[in-house]
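> Quick one: this structure, given as structure tokens, is what I'll be asking you about.
Nothing in this text is a laboratory measurement; each read-out follows from the coordinates by a stated rule. Everything numeric in this text was worked out from a predicted model, so none of it was measured. FYI the Cβ positions are ideal-geometry reconstructions off the backbone, even for glycines, and counts take in every protein chain you see.
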């Protein structure tokens, strides 16, 4: 019974687990058959309906959007790790809670949740940690 | 604070409260800053009195008709329901005054006293809805 009630208060209901998100990499058109078991994951956007992640394998970085109204997460774009690391990351303001991030010239105006990071420096640090591990 | 002054203020507040309750319940007058110095306190207490009356009325209805209109399971816990319902009405009445939702009238006090759980859940639901409606949405376009 408690499990049933807890569903109403659990903010994670309807969202996929980190394992399911890293597994979603396999649905990418650019998936290179690389192993995903050791993929690193970074959540950068979080609302009641959507979550967005960067998932780095040994070869590519994938941007995945998980929408709890959709049946499965969507790979929005991906890029080889080597070129992703050369991208200049820039930020812009959108609202009190949300900011905009450009992952280089090809992936612009992505929303990010400010409260997930202490500042843009931490965001950049996490990206570097993700792609350089 | 000087104890005499404190006593005088307490007495003054109590007099204001009783005068306000008389205005609201027996003269059906809207209480405001012009006719009472403590309208928020008057309203909160009026709501809690109506809340207690609501549970007593519900108990009598339960004895007469065998069911509770407020959906309470009467019995040993009725006294707890009475205190809890009354306290809830006091808090919602006070919060409603802070948020300037209600005027200090008998109609508003009766509404809060009888239906504060309904008002509370609806208000919270609307607030949650407002928050989620303003949420920005990420681009869901699939990779090319």
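> Label region B:43-124 by shape, choosing from rounded, prolate and oblate, from the square roots a ≥ b ≥ c of the eigenvalues of the Cα gyration tensor; if a/c is under 1.5 it is rounded, and otherwise prolate applies when a/b is larger than b/c, oblate when it is not.
prolate
> Mean-square fluctuation check for chain B, GNM, Cα pairs under 10 Å: which of B:133, B:97, B:12 is largest?
Comparing B:133, B:97, B:12 in a Gaussian network model of chain B, the most mobile one is B:133.
> How high is the relative contact order of region B:51-135, given as a whole-number percent (alpha carbon pairs under 8 Å, six or more residues apart)?
30
> Please report, for the Cα atoms of the protein assembly as shown, the Rg to one decimal and the Dmax as a whole number; what are they, in angstrom?
My reading of the Cα-based Rg and Dmax gives 28.9, 84 Å.
> What distance in nm separates the two pseudo spin-label positions at residue B:118 and residue B:60, each 7 Å out from Cα along the beta-carbon direction?
Distance between label points: 2.1 nm.
> So, one more: Helix-derived [θ] at 222 nm for the protein assembly as shown: sum -39500 (n - 2.57) over DSSP H runs of at least 4, divide by residue count, nearest 500?
-15500 deg cm²/dmol
> In addition: Tell me, what are the semi-axes, in whole angstrom and largest first, of the equivalent ellipsoid of chain B as set by the roots of 5 times the Cα gyration tensor eigenvalues?
36, 26, 14
> Which whole-angstrom value gives the distance between the alpha carbon centres of region A:97-119 and region B:1-60?
Each part reduced to its Cα centre gives a spacing of 53 Å.
> Something else now. Give me the mean projected area, in nm² to one decimal, of the convex hull enclosing the Cα positions of region A:13-132.
Hull-based average projected area comes out at 7.1 nm².
> Taking Cα atoms, how many degrees apart are the long axis of helix B:39-65 and the longest axis of chain B, rounded to 10 and kept between 0 and 90?
For B:39-65 against chain B, the angle is about 80 degrees.
> Pairing the Cα long axis of helix B:3-26 with the longest principal axis of chain B, what angle in degrees results, from 0 to 90 and rounded to the nearest 10?
Around 80 degrees separate the two axes.
> Moving on. Hey, got the average number of other protein chain Cβ atoms within 10 angstrom for residues in B:129-138?
Per residue, the number of nearby Cβ atoms from other chains is 5 on average.
> Normalised by the residues of chain A, what does the relative contact order come to in percent, with Cα pairs under 8 Å and at least six apart?
18
> Could you let me know the centre-to-centre spacing of region B:63-127 and region A:33-89, using Cα atoms, in angstrom?
48
> If I build a Gaussian network model for chain B, linking alpha-carbon pairs within less than 10 angstrom, which residue out of B:129, B:70, B:17 has the largest mean-square fluctuation?
B:129
> Let me ask another. Would you tell me the mean number of C-beta atoms belonging to other protein chains that fall within 10 Å of each C-beta in A:46-53, as a whole number?
Taking all residues of A:46-53 together, the mean is 3.
> Okay, moving on. Using alpha carbons only, how many degrees (0 to 90, rounded to 10) separate the axis of helix B:78-98 from the longest principal axis of chain B?
Rounded to the nearest ten degrees, it is 80.
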